[in-house]
1. Per-residue counts of other Cβ atoms within 10 Å, averaged by peptide: what ranking do you get for 98-111, 197-210, 72-85, highest first?
2. Calculate the all-directions average of the projected area of the chain's alpha-carbon convex hull, and give it in nm².
3. Given the -39500 (n - 2.57) contribution per DSSP H run of 4+ residues, what per-residue ellipticity at 222 nm results for the chain, rounded to the nearest 500 deg cm²/dmol?
4. Taking the Cα centre of the chain as origin and charging only Cβ (+1 Lys, Arg; -1 Asp, Glu), how large is the dipole, in debye to the nearest 20?
5. Roughly how big is the stretch 1-85's charge dipole about its Cα centre, with Cβ charges of +1 (Lys, Arg) and -1 (Asp, Glu), in debye to the nearest 20?
6. Can you find, among Ala23, Ile106, Val205, the residue farthest towards the positive end of the dipole of the stretch 5-238? Put +1 on the C-beta of Lys and Arg, -1 on that of Asp and Glu.
7. What FRET efficiency comes out for Asp51 versus Met1 if R0 is 45 angstrom and r is the Cβ-Cβ distance? Round to the nearest 0.05.
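Nothing in this text is a laboratory measurement; each read-out follows from the coordinates by a stated rule. A quick note: this is a predicted structure, and the numbers were derived from the prediction, not measured. Neighbour counts run over all protein chains shown; Cβ positions are idealised from the backbone, glycine included.
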Amino acid sequence: MPTRTFVLLHGAWHGGWCFRPVAARLRAAGHLVFTPTQTGLGERRHLLSRDLTIETFIRDLTGVIESEELSDIILVGHSFGGIAVSGAADRMPERIRHLVYLDSLILEDGASPMDRYPPGVAEERRRIARETSDGLSAPVPDPKEFGVPPGPVADWLRRRMTPHPMSVFESRLRLKNPVGNGLPRTYVACTAPAQARLAPSWAWVHGRPGWTWRELAACHDAIATDPDALTDLLLDCAR
């Protein structure tokens, strides 16, 4: 395979650090890899504020692609990261070779992440945010909520994850084109175990033409628990 360029975007509570195992394997195979971190998370946690929105996250991603002068990229969005990936595809499709939505939340134009939660779940998240940070952020969940078993990987995630800005959960995605913007795109569903909260996104993908559906027998945080299998799958998407 010729050298490919991968941009790997993390999900909620994570940062670019979470792709370290996968990025190392892709680089060892001779590929270029970028792992940006969204504003307010990871090593950029000091920028957490109530002013952050989905638009901020999209600009974070497109800014890296522009400043690094990247093209023909395989753009991967894990979980919440799929939202900004859709935004980048809407704005700079000419730079993207293939989109990979890794167990991602799928939003259409005008929708917010909270729209994908049952009303009771959304209100509970708001309540906990109010109680822990006066509504600034959603506190870090236990890795077991992502299907990660107790052990060194869970400990690593627990050490590194940071609160997620609530203002981004509440903001709305704005797109001028359909999700994916006509680009080659693959949805990878992590099935061991499946995340119930992603059921609407899975159903949405199944009901639309133009999508390739893949399954990975790993938990939602396969980026950390099953980097070998995930790397193989990403390389397959890049061929």
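1. Descending packing order for the listed peptides: 72-85, 98-111, 197-210.
2. 11.9
3. -10500 deg cm²/dmol
4. Computed charge dipole of the chain: roughly 60 debye.
5. The calculation lands at about 380 debye.
6. Ile106
7. Calculated value: 0.60.
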